[in-house]
Structures are given as structure tokens and as C-alpha cells.
Amino acid sequence: MSSDVRIAMWSGPRNVSTALMRAWETRADTVVVDEPLYAHYLQETGREHPGREEIIDAYDADWRRVAKRLTGPVPGNASIFYQKHMAHHLLPRMETDWVRDLRNAFLLREPSAMLTSLMEVLPNPTLADTGLKQQWRLFEKLHAATGTLPPVLTARDVLTDPDATLRALCEALGVPFRDTMLSWEPGRRESDGLWAEYWYDTVEQSTGFQPYEPKEATVPDRLQDLLAKCQSYYDRLHEHRLMS
């Protein structure tokens, strides 16, 4: 295995992405970073997310400098640099050629479950807020540039069979699986972003992946058009999902 492995997991919101970051952080060979493009996203879009000003003040909001660090040497004594990304943080004016220097993967969640969860924080989400269109565009770009299909996994697979799903992911990324990835200590991490206090209550109480449970909430009529658009992008990506 190369001594410089940089993994970028491109997710949307409410997709068990933080639990997956926990799993990678259990590895003795891995260092993680939590949503490194968030400050740039907030500064450029003006979105009023919880802790907005604090986040912009505390983190680098220059995406070019951030990208240079993400593609540079693996921090500390680790051999794997796991990067938890939100796909909607890739704004239209940003270049993405630097992403090709990473080992990229994609994390999905069924649109109806994702939207009803996202509505709890953003009552009127847009397609851009879900990250699905950005995920598909990046997936296509990487496929065209490399000739290979980046691995795609679903939140349902991660929760239903974390052992098999993470083994398949590690194999696709060219790194060995570690049993430590299946459980962790509860609580907040130094690696968590400042936004943890607003978003991470559930994962902070967890000690592993929670069993999958279908979400019973229904997407309201006013968001049915959005649901249809999300489903279209989800279906395209889902065709390439890792079979655990």
C-alpha cells in the first residue's frame, strides 16, 4: 500500500457520513478531516447555517489552499488521509481537477428518507442542498478522466451489513479492511468540526452503526418535484453501487 493514500468520501447531508468518518478514525493508520470545504461554502453562498460566523472565522475559506492540503502529504504519522466531504460544498465556480489526486467514493441515501430528515433542519431544501446533482457530475467527470467507476455505497447497505459493506469499500479503494472500523467509543472528537454541536447529537451517542430502520415520514406535496429530481440522480448513481 502506498504511504500516501488520500480518500475522499463525497456524501450529501443526513447520509450517515459522520458515522462512516468515525469508522475510519478508529484505524491506527488513518487521520480524518471533517468537511474541509464548509467554510468556503458558507462564505461564498451566504447561507445562514448554525455557527456560520464561528466556522468562517475558525477555518480556511480559500478552497485552493484547502485543496492543496487535501492533495498534499498525509498529516502526522498516518498513512491514510480520510476526507469526509459534502458534495454540495463543490460550488459551480470551483475547479475540481485536484480531486483526481484522491481515491474517491460516493455515499447515497434513499431520497425520500434523506429529504424528510433534511427538512428537520432546512424546511425548504433545494436540489443543490442535497448534493445529488453535484455527486453525479463529479462521478461522471472522474469516470471520464480515469476510465474507471468510483465506488458507490448506500447508507442502507452500511447500516444493514457494515462488515461486508466496509470490506467491499476497502477493497475498492485499495486499502486493507480493519475490524476496528465496526465500533468506536461514544462522544465528540477533536477532529469533529465546530458544527458538531448542531448536527452530531445522535452520532456522539453511538458506539457503532445503528441497525437499519425504514424511515416512515412522507415527503410533503410541495417537495414532490424535488423528490423526483433527487430520485433521478440517485438512480443513476445507484446503478453503480458496491454489492456487499
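The values are calculated or read from the model by the stated rules, or taken from the named source; none is laboratory data. Worth saying up front: this structure is predicted, and the values here are computed from it rather than measured. With ideal geometry, Cβ positions are generated from the backbone for all residues, glycine too; neighbour counts draw on all protein chains shown.
Key figures for this structure:
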{"quantity": "Some residue of region 40-55 being touching a Lys or Arg at 6+ places or on another chain (Cβ under 9 Å), in contact (Cβ under 8 Å) with a residue 40 or more places away in the chain and not aliphatic (A, V, I, L, M)", "calculated": "yes"}
{"quantity": "Test: residue in region 184-193 that is more than 18 Å from Tyr233 (Cα to Cα), assigned to a helix (DSSP H, G or I) and modelled with pLDDT of 95 or more", "calculated": "no"}
{"quantity": "Some residue of region 78-87 being surrounded by fewer than 20 Cβ atoms within 10 Å (Cβ to Cβ) and in a loop (DSSP other than H, G, I, E, B)", "calculated": "yes"}
{"quantity": "Test: residue in region 94-106 that is modelled with pLDDT of 95 or more, within 19 Å of the chain's Cα centre (by Cα), acidic (Asp, Glu) and surrounded by 20 or more Cβ atoms within 10 Å (Cβ to Cβ)", "calculated": "no"}
{"quantity": "Only listed residue being among the small types (Gly, Ala, Ser), without any contact (Cβ under 8 Å) to a residue 12 or more places away in the chain and either surrounded by 15 or more Cβ atoms within 10 Å (Cβ to Cβ) or not in a loop (DSSP other than H, G, I, E, B) (or both), chosen from Ala128, Ala144", "calculated": "Ala144"}
{"quantity": "Residues within region 204-233 that are surrounded by 11 or more Cβ atoms within 10 Å (Cβ to Cβ), in contact (Cβ under 8 Å) with a residue 24 or more places away in the chain and more than 19 Å from Met119 (Cβ to Cβ), tallied", "calculated": "6"}
{"quantity": "Which listed residue is crowded, with 16+ Cβ neighbours inside 10 Å, of a type in the set (Ser, Thr, Tyr), within 15 Å of the chain's Cα centre (by Cα) and more than 14 Å from Met21 (Cα to Cα), from Thr154, Thr165", "calculated": "Thr154"}
{"quantity": "Test: residue in region 99-109 that is assigned to a helix (DSSP H, G or I), closer than 27 Å to Asp221 by Cβ and among the β-branched types (Val, Ile, Thr)", "calculated": "no"}
{"quantity": "Residue within region 220-235 that is in a loop (DSSP other than H, G, I, E, B) and under 30 Å from Gly51 (Cα atoms) present", "calculated": "yes"}
{"quantity": "Yes/no for Tyr200 being surrounded by 15 or more Cβ atoms within 10 Å (Cβ to Cβ), of a type in the set (Ser, Thr, Tyr) and under 14 Å from Arg109 (Cα atoms)", "calculated": "no"}
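Okay, residues lined up against (1) touching a Phe, Trp or Tyr at 6+ places or on another chain (Cβ under 7 Å); (2) outside any loop (DSSP other than H, G, I, E, B); (3) surrounded by fewer than 16 Cβ atoms within 10 Å (Cβ to Cβ); (4) of a type in the set (S, T, N, Q):
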residue	(1), (2), (3), (4)
Asn15	no, no, no, yes
Arg22	yes, yes, no, no
Ala28	no, no, yes, no
Val31	yes, yes, no, no
Gln43	no, yes, no, yes
Glu48	no, no, yes, no
Glu53	no, yes, yes, no
Lys68	no, yes, yes, no
